[in-house]
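As structure tokens, the structure follows; a few thoughts come after it.
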Amino acid sequence: RRLPEPRSDTVLSLGERDAEWNCSIMYAIIRTGGKQYRVAKDDLITVERLPGDEGSEVTLDQVLMLAGDCEPRIGAPTLDGVAVKAEIVAQSRADKVIIFKKRRRQKSRTKNGHRQLQSVLKITAIDA
């Protein structure tokens, strides 16, 4: 069987299709601190420490993907002109991680602890 040829008047670019279908952005995938997070408006996320005081606004511009009602937009590796705005809710430290090393039959053991610095962010807007 032969497939029908696509009609040129129905093929739209991604931006035209999003505008025509009136898509709303529901979530984004961002990268910060070497990790990736799925965020939506009004989400609270805990990330590696970001510079700034509590109540200040930060812009996360490494957006890897936007998705919503329509076709997802995937960056290579990031999307240009897209940013996620967030407010720093708290600057804190994570729970303590215990590092315990023991060498058997040598009376040798060490115990150390570590608390990672972290920021709690509230996502205020996804600017596409």
Which value, in nm² and rounded to one decimal, describes the direction-averaged projected area of the C-alpha convex hull of segment 26-103? 7.7 nm²
Where the only charges are on Cβ atoms (+1 Lys, Arg; -1 Asp, Glu), what is the dipole of segment 63-128 about its Cα centre, to the nearest 20 debye? 1620 debye
Which entries of Lys96/Lys122; Lys85/Lys111; Lys35/Lys102 show an alpha-carbon separation above 29 angstrom in the structure shown? Lys85/Lys111; Lys35/Lys102
For Arg93, net neighbour charge (Lys/Arg +1, Asp/Glu -1) across residues whose Cβ lies under 12 Å away: +1
Fully extended contour minus Cα-Cα distance, from Asp43 to Phe100, at 0.36 nm per residue: 17.0 nm
Using label points projected 7 Å from each Cα along Cα→Cβ, tell me how many nm separate His114 and Gln36, to one decimal. 2.4 nm
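Quick note: the coordinates plus some simple rules give every number you see, no bench work behind them. Model, not experiment: these values are computed from the prediction. As a convention, Cβ positions derive from the backbone with ideal geometry for all residues, glycine included, and neighbour counts pool all protein chains shown.
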